[in-house]
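The values are calculated or read from the model by the stated rules, or taken from the named source; none is laboratory data. In this text, all values refer to a predicted model and were calculated from it rather than measured experimentally. Cβ placement follows ideal geometry from the backbone for every residue including glycine, while neighbour counts extend to all protein chains displayed.
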Amino acid sequence: MISHILINNNGVLEPADQAKIPAMDHGFLYGDSVYETLRTYDGMPFLLDLHMTRLERSLGRLSLTLPGERKDLEKEIDRTLSGYTEVIKGEWETQPDLALRIVVTRGVGPIGLDMSLCPETRFMIYASPIPNFPDDLYTHGIACVISSVTRNHPNALDPGIKSGNFLNNILAFRDAKDAGAKEAFLKGADGFIAEGTTSNVFMVENGGLLTPKAYGILDGITRRTLIEEAHRAGIDCQETDITEERLRSADEIFISSSIREVVPVTTLDGKTIGDGTAGPVASRMLKLYRERVQAEL
């Protein structure tokens, strides 16, 4: 619900239904912005340093700068978290775990494509409650489809830049919705499986993990964490090219994201994967990820 979302609007904390952005902000006009999404556990942002580093990397690749120093934006994140229950009058006695979306835009300037038209960047931090995901999500999984939409070529708009231009993903997600599924997988320009619209993808083959190479995808922080945990646990995990046919024949498939963690895919294009429930590797990776969360906190 919008009424439960708090926005730090360039330093001003306000409910989402009251927040306004300038009509001449180039983030709105052109999608000229970058963002990061992360979540809190017990009120603490998880892997904030990694998310901030990736944000700075995306900014640099679009010749954008932080509005101030990194430490200043981190202080604003703290302000947003501490101010949430004061500004949002919800049904919570204590602050729920939150999803944080950190956005930096080119800023306000005349219509035009010249980056120098905007003298100052702007930021917004969105804080919203993490949904109460049912246990069934992690045991019976979700249905996915392989989209007819191709992922942006890295020489066009590189998916490695977490930009505010999301039309490629929106069009792919339409395929999922039309099929009654929860996620869509895009193939890259090379024809190999790339990633989901809001997730990275893993498959299990002969007990080992496979995931698409980082080239041409957003190298998710949860994805990278899972690769680390798999190696630490002695699970073979390879970053490789995955064909559509290989994915369809997988013993298990699961997706990863900061908000949903590790979610099994039990149906792909209407075909049951495995026995239609979470497989042993997906369940173990979820356990390892949650143990990593506790260790980090």
For the stretch 87-102 the number of residues that are out of contact with any Lys or Arg (no Cβ under 6 Å at 6 or more places or on another chain) and in contact (Cβ under 8 Å) with a residue 40 or more places away in the chain is 9
Those helices (runs of 4 or more DSSP H) completely within the stretch 1-97 that have 1 or more residues that are under 27 Å from F133 (Cα atoms) are 48-61, 70-87
Those residues of the stretch 1-51 which are free of Cβ contacts under 8 Å to residues at least 24 places away in the same chain and of a type outside the set (G, A, S) amount to M1, I2, V12, D17, Q18, K20, D49
Surrounded by 23 or more Cβ atoms within 10 Å (Cβ to Cβ), more than 18 Å from the chain's Cα centre (by Cα) and either among the acidic types (D, E) or within 18 Å of I253 (Cα to Cα) (or both) - does that describe any residue in the stretch 197-209?
yes
If we keep only residues of the stretch 41-66 that are more than 20 Å from G220 (Cα to Cα) and modelled with pLDDT of 95 or more, then the residue surrounded by the fewest Cβ atoms within 10 Å (Cβ to Cβ) is S63
Exercise for the section: Looking only at the stretch 177-186, decide whether some residue is under 25 Å from F133 (Cα atoms), part of a loop (DSSP other than H, G, I, E, B) and of a type in the set (K, R). Expected result: yes
Taking the stretch 22-39 and keeping residues among the aliphatic types (A, V, I, L, M), farther than 11 Å from A127 by Cα and in contact with a strand residue (DSSP E or B) (Cβ under 7 Å, 6 or more places away or on another chain) leaves M24, V34
Pairing a residue in the stretch 103-126 that is under 13 Å from M24 (Cα atoms) and surrounded by fewer than 20 Cβ atoms within 10 Å (Cβ to Cβ) with any residue that is at pLDDT 95 or above and among the polar types (S, T, N, Q), where Cβ atoms lie under 9 Å and the two sit 6 or more apart in sequence or on different chains, gives G109/S116
Given the criteria among the aliphatic types (A, V, I, L, M), surrounded by 21 or more Cβ atoms within 10 Å (Cβ to Cβ) and touching a Ser or Thr at 6+ places or on another chain (Cβ under 7 Å), does A99 qualify? no
The correct count of residues that are touching a Gly at 6+ places or on another chain (Cβ under 9 Å) and over 28 Å from S33 (Cβ atoms) in the stretch 124-143 is 3
